[in-house]
Amino acid sequence: MSRLEESLNINAQASREARILARRKRIQERLATAHQGESSGGKEGEKKEEVGKGKQQIIESKRRLYRVKHRTEQDVTSVRIGGDEREQQHRINEEKTRQELRAKLLAEAEQSARNNASVAMRWADLFSIEVPQDLYDEIEKQRQACERIINSKDKLIADIKTELKKKDDEFVKTLKRQAENIDTLLQYMSRQFVEMQSAYKNELEEIENAFLQERSDLLDSNRGEIQELFDKRSKLEQDFMDRYLSTVENYQQQLEALRIADAEDYHILKIRLETDIQNLEQHLEAMRATYQLNTEKLDYNYRVLVERDHENQTTINQQKRKISRQRDVLSSLKQRYAESEKKYMEENMKLTDEYKRITEQFKDLQSKFRHFEQVDTNKYNEVFSMKEREVAGVVKQLLQADKVLHEQQLGWDWLPPHESVFTPSLPSSSFAAAKAAQEEGNKEDADEVETEEEIKARMGEAEVQDSLKDPRNNGALSLLCDEAGFLIDAKIRSMLDKLSKDEAGQVKAESVLRSLGVFDGSSFNALMDALTASSTIEMRAKGMTVPARRISGNADGGQVPVLVHPDDVVKRLKAFIEVESTTPARGGIGGAAARVAGVSRRAAEVEQEYWARMSNVINEKGTRVWGVLEKQLEKYKGLLQERSASLSEVESLQHQNTELRALLNQYLTSRINSELVVPPTVLI
């Protein structure tokens, strides 16, 4: 997803840069045209003598009009350029803000994922703690970690709301700035119209005056030139007549010489032509012989063709006999086809009976499933009640210990918790309600499975077929088949080569619709709406609230909607499946399932509330008292252990003292003392 977004951002930025370059190029071309118009003024001044006054005035008028037009267009274009620059800066800031917000979202998602993983890993360690105080400390740490996660989420939500508020304010300012730009643009355009109108009027008058002056000058100059031409023509005619008479005399002399030469050439040509005639007569005789030979060859070819015609007639008769035999084969094949059709009809009846038998088995399996589900529910209720009693006993022991600590150890008055703490969550009643709702739905399904559901299924299938034949849906269906072709069944894909193009397209569309779970007109219309560019299916898939609007394939009054980009078709299909899976079913099985889901959800909430009460039976103050008492008792325990060690040491010393006394008495009463010079008793 992130790579796709980055590529789209890069493409958008590239297209934006291309538009900026094109705009700069157009401005440079206009400036170059203006400079060229100014520089061409000098050259036109040099050719002023060659160009007429009217054309010269037209050139000057065009140049002045272009300058006026360029100046006024610059005023109008300045407004657009300023708006484009502001929009460019706004888009850059918007992209920067979006990237920062996206980075915050990714960072917060990673941090929350790590925190959630840490919290989830520490839950398993809580079950191994048996000391209540340690358990409470760990639970308190878990609660604080959860609060930190929630606070980070709330902070991110606050940042997003602040950004949305800034966007709204910026949108209002943009609308005001756009209104001001439009007013300025209209003012410039009206002023441009007035200036151009007056300029065109003045220039037309000057051009007309220039052409009138040029006309009068041309008339005077043309009259003088025509008179000169008439005089020149008369002189040329006189010279021409003199040359003509001399040329005629020369031609007569040349004709006489040619007559004499042509008489000699005629005599020579006559002799040559007579010789050619004799040669041609000889060639004619040779050609007649050749034609006679060709005639004989053609007669022979004709006889050959007649023989071939007889052979072809014999072949035609054989083919007719073959056709009669093929007709007999065709009649036998038709008879075999009728027998095969009859056999397949019987097989179809057998398969129908088999289908009914399997349907009965499926109903029996459903009843068995409900029976086992009831047994499992009863077992769950029994286990839940047993665990509830055990937890109640443990909580009572905990309260008894808290009472002993308050009254005996601390000498405080102990206040018991409210009796609602031990109120059971009543799972049996919740599951009973769910079971009743499910049994009711099953009963309704059993009553209507052969009537209403079949009618609805047929009606839905007819609606889908009509929608498939609608030419307005051809574009969306073609896009769906091209981008979601992986949903087509393998058997159907192998049959597509044998079908025509239109039939193959319809079969592919039906296969894709079956894979997506589209069996009625409403689902088909929702799918067509999801494939439009203005669809809100992704927002609804994420749980966001969108304005209500019509979702219908023909809601536009015959207009073909704009389709989504092919790269986004798979995402739209995923969002469509998520929305359709979360939409409650209509009546029948869907209604019962919805009721069962609602009752189960309420039961889960009640159970969660009950276990929360059980886990918080000792309030925070009592927990702190337990902690302080535990620390003091630990110190008292250490003191007692020290005294116990001291008593053990004293007892050991007393025992050693007794042993030493006994040994001393033994030494004093020994017989060897009487043999000593100085007995020990004297020293003592």
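Each reported figure results from applying straightforward, stated rules to the coordinates on display, with no laboratory input. No experiment lies behind these values; they were computed from the predicted model shown. Don't worry about glycine lacking a Cβ; one is built from the backbone with ideal geometry, like all the others, and counts go over all protein chains shown.
Under 13 Å from a point 7 Å along the Cα-to-Cβ line of residue 163: which residues of the range 100-119 have their amide N that close?
Zone members listed by number: 100-109.
For the pair residue 19 and residue 500, what calculated FRET efficiency results from E = 1/(1 + (r/R0)^6), where r is the Cβ-Cβ distance and R0 = 60 Å, to the nearest 0.05?
After rounding to 0.05, the efficiency reads 0.85.
Setting aside same-chain residues fewer than 8 positions from residue 201, which aspartates and glutamates have a Cα under 16 Å from its Cα?
60
What FRET efficiency, computed as 1/(1 + (r/R0)^6) with R0 = 56 Å and r the Cβ-Cβ distance, is obtained for residue 364 and residue 87, rounded to the nearest 0.05?
That gives a FRET efficiency of 0.20.
I need the Kirkwood Rh of the range 332-382: take the reciprocal of the average 1/r across all distinct C-alpha pairs and report it in angstrom.
Roughly 14.2 Å, rounded to one decimal.
So if we plug the beta-carbon distance of residue 245 and residue 279 into 1/(1 + (r/R0)^6) with R0 = 56 Å, what FRET efficiency do we get, rounded to 0.05?
Calculated value: 0.65.
Based on the alpha-carbon gyration tensor of the range 209-345 and its eigenvalue square roots a ≥ b ≥ c, which shape applies: rounded if a/c is under 1.5, prolate if not and a/b is larger than b/c, or oblate?
Numbers: a/c = 17.90, a/b = 1.74, b/c = 10.28.
Here the range 209-345 falls in the oblate category.
If the convex hull of the alpha-carbon atoms of the range 91-209 is projected onto planes in all directions, what is the mean projected area in square nanometres? Provide the component values of the computation, followed by the final result.
Working: hull surface 44.0 nm².
Reported value for the Cα convex hull: 11.0 nm².
Greater than 25 Å separation of Cα atoms is the criterion. Which listed pairs, 155/176; 469/498; 403/621; 356/469; 104/161, meet it? Can you show the working numbers first?
Details: 155/176 32 Å; 469/498 21 Å; 403/621 14 Å; 356/469 32 Å; 104/161 14 Å.
Too far apart for the 25 Å limit: 155/176; 356/469.
Give the shape of the range 197-243 as rounded, prolate or oblate, defined through the alpha-carbon gyration tensor: a ≥ b ≥ c are the square roots of its eigenvalues, a/c under 1.5 means rounded, and otherwise the shape is prolate if a/b is larger than b/c and oblate if not.
Prolate.
Give the long-range amide H neighbours of residue 563: residues separated by 5 or more places, or on another chain, with amide H under 5 Å away, using H modelled in the peptide plane at 1.01 Å from N.
533
For the pair residue 352/residue 470, report the inter-label distance in nm, with labels modelled 7 Å from Cα in the Cβ direction.
It works out to 3.3 nm between the two label points.
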